[in-house]
Each structure stands twice: as C-alpha cells, then as structure tokens.
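To start, the structure itself, in structure tokens.
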Amino acid sequence: MAYEKPKPRRSLWRRLWRAFWIVTIAWIAITWLLVLLLRFVPPPTSAFMLERSFAALRNGERGYSTKYHWVAAENVSRELPIALVAGEDQKFPTHHGFDVQAIADALDEADEGERLRGASTISQQTAKNLFLWGGRSFVRKGLEAYFTVLLEVTWPKRRILEVYMNIAEFGDGIYGADAAAREFFRKASSQLNAHESALLAAVLPNPKKLRADRPSSYVLRHAEWVERQVRQLGGFSYLPR
C-alpha cells in the first residue's frame, strides 16, 4: 500500500490573518448597516445615555432619570441649530468631519506646554455621543474617527445636525433640544428664541455644571458671544440645506 504524504497544514499565521479579515469585514458591515439604519430611524437612546444610566445605578442615585424626547428638525426652533453651529463648530457646513486646522492648533498649543484642548467637530461629537463612551484614550479616539467617517459618507449634514441636537447633553440626564427646552424654559423646543438657544449652546462645554436656566457670568458672556457669531455667520442661511 502506497504511503500518502500528509497534506501540509495551514500555518498559524495564515489562519490568524484570515480570521482578522473576517472579523474586520464583519465589523465594517455591521457598523455601517447600523449607521445607515439611523439615517432614517430616530435613535432610541445613545451610548452616553446608557453609560450615565449605568453609572447612576452603580452609584445608587435613586433620583436619577434620563430625559430624552426625539423631535424632528422641522419641529425645533430654527434659532437653535445655528446657535449650536456658531458655538461649537463654525466650519460644520464645509468640513468633511474633521477641522484639520483646529486639530493642528490644539497640538501646537500642547507642544508649547498648554493643556491639550478638544478640537472636536459636531460630526465627531455626534459619533462619540451616539456610539462610544466618555474619557480619553487612543482606542476611543480611533473609533470616534472611524464612526465620524461613516456618518459623513452615509448621512447628509442636516441629519448629523438633527441627531446632534437630539442627543447632546444639556444638563445631567437631560438630552436633546426638547428635553432641555422643557426642563430649563418650560416650553417646547419649537418655541426657543435666539437668546435661549445661545444659552443652551453656551452650556455644552460642561453641561453637568453649567445651567441654562440659572446662567453664571461665564454662561451669559459665552451666550452673548454665540449670538454675535450667529449674526456674523449670516444667520439661518449659513446652515447646510
């Protein structure tokens, strides 16, 4: 009986390389389909909302509750989106997800010994709030960049701004324009005026400490600056259509 030479087994590295590509393609497909779905469906929650709820449960904060109510962009005062763009990301209509100049400026300041400041665009903040967790790490920043690219290639600018308005945190447990308008001003988001919208934009740097209904001198000054920026940008016509 002839001796059959055993077939050579695949090398370990080849199997690992194949598994890597299977996982990578599956990850891209699943995350892209999720982003595509959320282009048309209001997000029922966000990663930041879930993270805060779990933290409250873990810390025994019995009085905590998440206030979140989705409102379509056409039912939000047109004063708010331009205030958010003026206060948070004035290049939003023209960039492709990243403000390269702002990132370079922040890195230059860090090289000179200053504290590294954020240079996130509205697209990046939407990606982070919707899909990721708080804190700073290279892994999280890498995933933030990945989801930002997915949003920019899958959603129109109007959709990114609409979702951002609805999931941004305006106070502890208060997410989105409508919840903030009702909590702070006792009115629907469709009734917000220019000053109230500027106040909401002014608290975004630190919504857990800053209040739109009881504004500090910092919030008042920042809100005035936002209103000036809105006028300089040309008002509502500056927004992407």
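Read-outs throughout are calculated quantities, based only on the coordinates presented, and are distinct from any laboratory measurement. Only a predicted model underlies this, so the values are computations on that prediction, with no experimental measurement involved.
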Based on C-alpha coordinates, I'd like the Rg and Dmax of the stretch 11-79, in Å. 19.6, 62
Report Rg (one decimal) and Dmax (nearest whole number) for the stretch 16-238, counting Cα atoms only, units Å. 18.0, 58
Rounded to whole angstrom, the alpha-carbon centroid of the stretch 115-189 lies from that of the stretch 22-88 at a distance of 7 Å
Suppose only helical runs count, i.e. DSSP H with n ≥ 4. What mean residue ellipticity at 222 nm does that imply for the chain under -39500 (n - 2.57) per run, divided by all residues and rounded to the nearest 500 deg cm²/dmol? -18000 deg cm²/dmol
